[in-house]
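The values are calculated or read from the model by the stated rules, or taken from the named source; none is laboratory data. Everything numeric here is computed off the predicted structure, so don't read it as measured data. Please note: Cβ atoms are built from the backbone with ideal geometry, for glycine as well, and neighbour counts cover all protein chains shown.
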Amino acid sequence: MANEYAAHAPAGPAPTTATSITVLHYTAMVDVDTERFTVGVFQDAAWASKGLDALKQAGFTPESLTVLAKQSADVDALIKKTFGSPGEQIDLANVGAVVARGPLVDALWGTTRDLTKLGMAGTMRRVGFQPHDGRIFETLTGRGGVLVAIRSEPRAADALAILHSYGGGNAAIGAWTGRV
């Protein structure tokens, strides 16, 4: 009987668990907007108009839309048609004079108000895009493309599908939100 007990008895003291929690306090490296944007660049205002019409027909409100492009009469008319009022004129680094309107513009300005200095390549990370994405959007816009963005995380995939369907090039969802 003693041998039987020895086979089942623990060999030493009962195990204890000691836990120690180390809390790391990180300083934010990048000012990141918590909203998710879906972005695409159309070849010109005519193509962008078709895409914006499709987005509105799908239930995206003008308040969720952004248009940003080099300033021209066609772009001015597009912004007026889409939003009912003119856009903001911005001298954007690496692109030049642009006109823009919508929630993406406020997010790109950020709390430091440095959009004109950093350009899209330096500020798109605020809305979940990596710097190389920002450079692509900046280059396409600088070549005369019309950037269209939609703020709508719950329907980001819908917005992406519409951008692709109507010619929005390099369309993508800012998937890095909160991860940079």
*asked:* Residue under question is residue 100, and the condition is that it be in contact with a helix residue (DSSP H, G or I) (Cβ under 7 Å, 6 or more places away or on another chain), surrounded by 23 or more Cβ atoms within 10 Å (Cβ to Cβ), of a type in the set (A, V, I, L, M, F, W, C) and closer than 19 Å to residue 63 by Cβ; does it hold?
replied: no
*asked:* I'm trying to understand the selection: among the residues of region 142-169, which are over 20 Å from residue 64 (Cβ atoms) and either touching a Leu at 6+ places or on another chain (Cβ under 9 Å) or part of a helix (DSSP H, G or I) (or both)?
replied: 142, 169
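Per-residue answers, yes or no, for (1) modelled with pLDDT of 95 or more; (2) charged (D, E, K, R); (3) in contact with a strand residue (DSSP E or B) (Cβ under 6 Å, 6 or more places away or on another chain):
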position: 83; (1), (2), (3): yes, no, yes
position: 88; (1), (2), (3): yes, yes, yes
position: 93; (1), (2), (3): no, no, no
position: 102; (1), (2), (3): yes, no, yes
position: 107; (1), (2), (3): yes, no, no
position: 130; (1), (2), (3): no, no, no
position: 138; (1), (2), (3): yes, yes, no
position: 142; (1), (2), (3): yes, no, no
*asked:* Filter region 66-118 down to the residues that are among the basic types (Lys, Arg), farther than 22 Å from residue 174 by Cα and not in a strand (DSSP E or B) and list them by number.
replied: 80, 81
*Going by the conditions given, is residue 153 modelled with pLDDT under 95 and more than 21 Å from residue 49 (Cβ to Cβ)?*
yes
*On the given criteria, is residue 49 modelled with pLDDT of 95 or more, of a type in the set (S, T, N, Q) and either surrounded by fewer than 13 Cβ atoms within 10 Å (Cβ to Cβ) or not in a strand (DSSP E or B) (or both)?*
yes
*asked:* If I ask for residues that are without any contact (Cβ under 8 Å) to a residue 40 or more places away in the chain and either in contact with a helix residue (DSSP H, G or I) (Cβ under 8 Å, 6 or more places away or on another chain) or not charged (D, E, K, R) (or both), which ones from region 140-158 would you list?
replied: 154, 157
*Restricting attention to region 46-101, report how many residues are free of Cβ contacts under 8 Å to residues at least 24 places away in the same chain, polar (S, T, N, Q) and farther than 17 Å from residue 119 by Cβ.*
3
*Could we say that residue 143 is surrounded by fewer than 15 Cβ atoms within 10 Å (Cβ to Cβ) and within 19 Å of the chain's Cα centre (by Cα) here?*
no
_With in contact with a His (Cβ under 9 Å, 6 or more places away or on another chain) and surrounded by 15 or more Cβ atoms within 10 Å (Cβ to Cβ) as the only criterion, which of 121, 93 stands out?_
121
